[in-house]
Amino acid sequence: MSQPTVVLLHGVGLDHTLWEPLASLLADRFTVIAPDLPGHGTRRPVRGTVTLADLADGVADEIPAGAHLVGFSLGALVAQHLALHRPERVATLTSVSSVCRRTAAERASVLARLRTAESDFTASTVASLRRWYDGTDVDPGQVARTEATLLANDLASFLACYRVFATADTELGPGLGSIAVPALAVTGGDDPGSTPEMTRRLAAALPDCRAVVVPGARHMLPVERPRELAGHLTAFLGECSHV
């Protein structure tokens, strides 16, 4: 009997290497696929206006029918779009550090970060690393690796994808109630952007979703708390397999 497939989708400016700590913990029970989103990692930079549908279409062919989707940050929005518009591909949906139906203040905050990235990409990168890692015990080598990945981005492509991240929750919001698959929403208790309130908001919007808040964790759960994330994910998938 073949192993179930878990597909991991990453966030803005990152690549599939984000998932290496988690993937190593899942590999004995699942077939793990971690495709780069369009404009990220090994994928060619995107040009012009990009939509959430474009990013989802760019990875849809790499997702086998009945896969368990796990999306982080922008990847969570892509995963939600696929669950809504390509339901035959999706057995379960896990949203890690996901935004949901931002308030006016939350929208203003992310748009301010976008403007900083547009005007001073290096300063934006430094601010992101502080927001994601300050106060954590993540190895400095991993932080440096994240920094190198961010700085290696094609700037125009990064900004195009960041605009999707900053706005696509508005597009997704009205359709969340139509996502019928079992779902899990996970974030860090100290995540300053994808806050516990957003995770609870997402869990309330989806018909069959539970919310999990990891105490003391910040934004980068796949590298900060991979073992805890793997535990929550495998427990969720194990329960779903018995339904």
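Only the coordinates and a few stated rules stand behind these numbers; no lab work does. None of these values were measured; they are calculated from a predicted model. Positions of Cβ are generated from backbone atoms using ideal geometry, with glycine treated the same way; all protein chains shown enter the neighbour counts.
Structure summary
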quantity	calculated
Single residue of the stretch 188-238 satisfying the filter (polar (S, T, N, Q) and in contact with a strand residue (DSSP E or B) (Cβ under 6 Å, 6 or more places away or on another chain)) that is surrounded by the most Cβ atoms within 10 Å (Cβ to Cβ)	199
Candidate set: the stretch 101-127, residues that are in contact with a Lys or Arg (Cβ under 8 Å, 6 or more places away or on another chain) and free of Cβ contacts under 8 Å to residues at least 60 places away in the same chain; chosen: the one farthest from residue 197 (Cα to Cα)	124
Residues satisfying the stated conditions in the stretch 214-238, i.e. on the phi < 0 side of the Ramachandran plot and free of Cβ contacts under 8 Å to residues at least 40 places away in the same chain	214, 215, 225, 228, 231, 235, 238
Near pairs, Cβ below 6 angstrom, 6+ apart or cross-chain, from the stretch 145-168 (within 16 Å of residue 43 (Cβ to Cβ)) to any residue that is assigned to a helix (DSSP H, G or I) and of a type in the set (S, T, N, Q)	150/125
Residue satisfying all of: in the stretch 88-112; in contact with a Phe, Trp or Tyr (Cβ under 8 Å, 6 or more places away or on another chain) and not in a loop (DSSP other than H, G, I, E, B); nearest to residue 63 (Cα to Cα) among these	92
Index of the failed condition, residue 58 passing every other in (1) over 19 Å from residue 238 (Cα atoms); (2) part of a loop (DSSP other than H, G, I, E, B)	(2)
Residue 201 vs. criteria part of a helix (DSSP H, G or I), within 17 Å of the chain's Cα centre (by Cα), basic (Lys, Arg) and under 27 Å from residue 42 (Cβ atoms)	no
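For every residue, the table says whether it meets (1) surrounded by fewer than 16 Cβ atoms within 10 Å (Cβ to Cβ); (2) touching a Cys at 6+ places or on another chain (Cβ under 9 Å).
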{"site": "15", "(1), (2)": "no, no"}
{"site": "24", "(1), (2)": "yes, no"}
{"site": "28", "(1), (2)": "yes, no"}
{"site": "39", "(1), (2)": "no, yes"}
{"site": "71", "(1), (2)": "no, no"}
{"site": "105", "(1), (2)": "yes, no"}
